[in-house]
Amino acid sequence: MKILCGKSNLVKGVSIVSKAVPSKTTMPILECLLIDATMDTIKLTANDMELGIQTEIDGTILQHGMIAIDARIFSEIVRKLPDNEIMIETDDRLQTTITCEKAKFNISGQSGDDFTYLPVIEKNETITLSQITLKDVIRQTIFSIADNESNKLMAGELFEITGNRMRVVSLDGHRISIRRIELRQEYQDKKIVVPGKALNEISKILSGEAQSEVNIYFTNNHIVFEFDRTVVVSRLIEGEYFRIDQMLSNDYETKVRINKRELLNCIDRATLLVKEGDKKPIIINIGDEVMQLSIKSQLGSMNEEIFIEKEGKDLMIGFNPRFLIDALRAIDDEEAELYLMNAKAPCFIKDAEESYIYLILPVNFSVA
């Protein structure tokens, strides 16, 4: 194999596929990325058996072939080469020569035939979204997935399609995040659970342009995202997702309308007094026209008041401040509406159309 490509194209392509290279593995071939120039395009691929990414880059193929090469070493080399054309050449002993201007590296490769290719997926029904829509949906829900492996379903997000609507749900046992979006046409009803790791990596790769689109395909075991000459294939998480609708309620005894930015900034200031790992709640006291927020820790205490519009009863309730911050940052509206029942029941933050719903469980606190 012998190819020639610009440094910026190569660095971008390697950066994209490296997201599917495992940090730890017992299979050395999975630590590699595949450079495939057997056809008329140059393809880079990485695959950790759960997540696979392939992207095409521009370049000139001088001699067809392919090579699997250590992803970490190769990435570091191309990133530090001069900003010019890079020549990559392999011989029949799988030795790879990387040349750019006066710099020349020789490293060992592995046979591309040993590499685990992406699974071939039947592309029956396609869901097409704008990249900005998918990027926003992930941003507005991904923070609620569980960060441990105790329950695999909590480490993923539910994608539920009903007619021309898609609902994306994540939860971690303390909160639920829900986003609803309208699709361009009607589809067969479907429920799948997509690993949070895959969604996180896709979000980093997406350009996020409103004019650019992403095509999504489903099978019983995989989900495929195609966009910008890149293909991302992820295994799905098996099992039946939690019955979310049973956890949702439209009942409330206190409704608060508040400036989202003011509330977010106030809670953000309060967390200055909370050490990392310290589980100090923020106490919210809701009155007629004022919401009082207070927090007390070993570092000190803080009190602040914000003007609100209130319907219903006064209420004092405590929350993990981080959970409130995550939800408020995900909301693009200028105002937020909070629906509460009592100090032991969850708080719902949602808009009138319920295009987003954030459920946050309260925490116990003492007023001492």
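With r defined as the distance between the Cβ atoms of Asn342 and Glu289 and R0 fixed at 22 Å, what FRET efficiency is calculated, to the nearest 0.05? The formula returns an efficiency of 0.55 here. For the pair Ser23 and Thr162, label points projected 7 Å from Cα toward Cβ lie 3.8 nm apart. The C-alpha atoms of the chain define a longest principal axis, and helix 196-205 lies at about 70 degrees to it. When the charge dipole of region 213-302 is built from unit charges on Cβ atoms (+1 for Lys and Arg, -1 for Asp and Glu) and taken about the Cα centre, the candidate among Leu248, Thr219, Leu264 whose Cα reaches farthest toward its positive end is Leu264.
A dipole drawn for the chain from +1 and -1 charges on Cβ atoms has a positive end, and of Thr90, Gly312, Tyr356 the residue lying farthest that way is Thr90. Pairs of Cα atoms under 8 Å, at least six residues apart: use those to get the relative contact order of region 1-92, whole percent. That works out to 43 percent. Here region 290-368 and region 63-89 have alpha carbon centers that stand 51 Å from each other.
Test of the criteria: in region 264-368, which GluC sites (Glu not before Pro) are in a DSSP loop and have at most 16 other Cβ atoms within 10 angstrom of their Cβ?
Within region 264-368, the qualifying GluC sites (Glu not before Pro) (loop, at most 16 other Cβ atoms within 10 Å) are Glu276, Glu289, Glu334, Glu353, Glu354.
Principal-axis analysis of the Cα atoms of the chain puts helix 71-80 at an angle of about 90° to the longest axis.
The largest-to-smallest principal axis extents of the Cα set in region 248-360 are 40, 27, 24 Å. The phi-based Karplus calculation (6.51 cos²θ - 1.76 cosθ + 1.60; θ = phi - 60°) puts the 3J(HN,Hα) values of region 270-278 at 4, 6, 4, 9, 10, 5, 4, x, 7 Hz, whole numbers, x for Gly and Pro. Computed extension gain for Ser297 through Glu76, at 0.36 nm per residue and net of the alpha carbon distance, reaches 75.1 nm.
Here the Karplus relation 6.51 cos²θ - 1.76 cosθ + 1.60, evaluated at θ = phi - 60°, turns the backbone of region 319-330 into coupling constants of 9, 5, x, 4, 5, 5, 4, 4, 5, 5, 5, 7 Hz, with x for every Gly and Pro. Highest GNM mean-square fluctuation among Val17, Val233, Val256, for the chain modelled with Cα contacts below 10 Å: Val256. Each label point was placed 7 Å from the Cα along the Cα-to-Cβ direction; for Asp189 and Glu253 their separation is 3.6 nm. Distance between the 7 Å Cα→Cβ label points at Asn84 and Arg235: 4.5 nm. Between region 208-258 and region 149-190, the C-alpha centres lie 4 angstrom from each other. Projecting the Cα atoms of Met302, Leu44, Ile202 onto the charge dipole of the chain (Cβ charges, centred on the Cα centre) puts Met302 farthest toward the positive pole. Under the convention that each Lys and Arg Cβ holds +1 and each Asp and Glu Cβ holds -1, the size of the dipole of the chain around its Cα centre is about 860 debye.
With a cap of 14 neighbouring Cβ atoms within 10 Å, and only residues DSSP puts in a loop, list the GluC sites (Glu not before Pro) found in region 148-181.
On the way: sites: Glu149, Glu157, Glu160; in loops: Glu149.
When the GluC sites (Glu not before Pro) of region 148-181 are filtered for loop state and at most 14 Cβ neighbours within 10 Å, Glu149 remain.
Computed extension gain for Glu125 through Gln246, at 0.36 nm per residue and net of the alpha carbon distance, reaches 40.6 nm. For Ser297, no residue whose modelled amide H falls within less than 5 Å of its own remains once neighbours fewer than 5 places apart on the same chain are excluded. For Tyr241, nonlocal amide neighbours, meaning residues 5 or more places apart or on other chains whose placed amide H falls under 5 Å from its own, do not occur. Across region 18-32, coupling constants 3J(HN,Hα) worked out from phi with the 6.51/-1.76/1.60 Karplus curve, θ = phi - 60°, read 4, 5, 9, 8, x, 6, 9, 7, 8, 10, x, 5, 6, 7, 9 Hz, and Gly and Pro carry x.
For region 127-245, the relative contact order works out to 29 percent when only alpha carbon pairs closer than 8 Å and six or more residues apart are counted.
For region 86-122, which trypsin sites (Lys or Arg not before Pro) are both in a DSSP coil and crowded by at most 11 other Cβ atoms within 10 Å?
Counting only loop positions with at most 11 other Cβ atoms within 10 Å, the trypsin sites (Lys or Arg not before Pro) in region 86-122 are Arg93, Lys102.
Annotation: amide H-H contacts under 5 Å for Met316 (H modelled 1.01 Å from N, sequence separation of 5 or more, or interchain): Ile286.
Relative contact order of the chain: 13 percent, from C-alpha pairs under 8 Å at least 6 residues apart in sequence. Quick one: grab the alpha carbon gyration tensor of region 2-114, order the square roots of its eigenvalues as a ≥ b ≥ c, and give me rounded if a/c is under 1.5, else prolate or oblate depending on whether a/b is larger than b/c. Here region 2-114 falls in the rounded category.
Calculate the FRET efficiency for Asp91 and Asp228 from the Cβ-Cβ distance with a Förster distance of 45 Å, rounded to the nearest 0.05.
Here the calculated transfer efficiency is 0.85.
The sum of -39500 (n - 2.57) across all DSSP H runs of n ≥ 4, divided by the residue count of the chain, sets its helix-only mean residue ellipticity at 222 nm to -5000 deg cm²/dmol.
Read-outs throughout are calculated quantities, based only on the coordinates presented, and are distinct from any laboratory measurement. Remember, it's a predicted structure, so these values are computed and weren't measured experimentally. All Cβ positions, even for glycine, are placed from backbone atoms using ideal geometry, and neighbour counts span all protein chains on display.
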